[in-house]
Amino acid sequence: MPHISLENDVPGIRSLVLFRPETGKHLYDLVQILLRGESTINEGDRELIAAYVSHRNNCSFCRNSHAAAARCLYENEQGIVNQVLSDPETASIPELLKSLLNIAGKVQIQGKAVLPQDIERARNAGANDRAIHDTVLIAATFSMFNRHVDGLDSFTPIDENLYNEMGMRMAKGYNFPVNNQVAHDIK
């Protein structure tokens, strides 16, 4: 049961942005830029970073929805998502993505936990300034989103099929819901 009066049948952050659309629109704009805008990190990897940070924050809704979006974007390599959520260091992913997930995991704990050797590892794997910047911003933003969703105890469905449907919509982008319409999901 949400801590404030929300539309109980609207899951995750959508109920929160509908409650306060003047702030919600900006959250949707931000996630659209972060996960679908121009970046040196591909969209599937950015969704995976969001899912990984949400997993570390124990935010089930955000983890499940962004993991579903990553699976859609990875198409034939969907198993990567579960490998990363289990242990990114042993996952069958390139060193570049491992190093970015390492940075994201440290940001999830505390920004100052990111050390020069973490940045050096990422640079040695091929990360440029933009990839490092985008990773830190995605991790910081999703830590905020996770706390927003869980801090107000918004509705978290348990039906895996619902997350699969959300993932398909989210893989196409993030649009603010209009007149309570269920458009594309943010979390």
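None of the figures in this text is laboratory data; all of them are computed from the coordinates on show. These numbers were taken from a predicted model, which means no experiment stands behind them. Cβ atoms come from the backbone with ideal geometry, glycine included; neighbour counts cover every protein chain shown.
Cysteines in the chain lacking any other cysteine Cβ under 4.7 Å from their own Cβ: CYS72.
May I ask you to compute the full-extension gain from GLU38 to ASN58, defined as 0.36 nm times their residue separation minus their alpha-carbon distance, rounded to one decimal in nm?
4.4 nm
Charge tally for HIS3 (other residues, Cβ to Cβ under 11 Å; Lys, Arg +1; Asp, Glu -1): -2.
What are the membrane-span-like helices in the chain by this rule: whole DSSP H runs, Cα extent along the axis at least 18 Å, mean Kyte-Doolittle hydropathy at least -1.0?
On the way: long enough: 21-36 (21 Å, -0.14); 43-56 (20 Å, -0.65); 60-74 (21 Å, 0.01); 95-109 (21 Å, 0.71); 129-151 (32 Å, 0.09).
Helices passing the filter in the chain: 21-36, 43-56, 60-74, 95-109, 129-151.
Scoring 156-168, 41-53 by mean Cβ neighbours within 10 Å over their residues and listing the highest first yields 41-53, 156-168.
May I ask you to sort LEU73, LEU85 by Cβ crowding, counting other Cβ atoms within 10 Å and putting the fewest first? Mind dumping the intermediate values first?
Values: LEU73 22, LEU85 18.
Ascending number of Cβ neighbours within 10 Å: LEU85, LEU73.
Look at HIS148, HIS66, HIS26, HIS3 and count the other Cβ atoms within 10 Å of each Cβ; fewest to most, that gives HIS3, HIS26, HIS148, HIS66.
With 10 angstrom as the radius, rank ARG20, ARG169 by how many other C-beta atoms surround their C-beta, starting from the fewest.
Details: ARG20 11, ARG169 18.
So the ranking, lowest neighbour count to highest, is ARG20, ARG169.
Taking the chain, how many lysine pairs are there with alpha carbons less than 20 Å apart, if each pair must be eight or more places apart or span two chains? For the chain, qualifying lysine pairs total 5.
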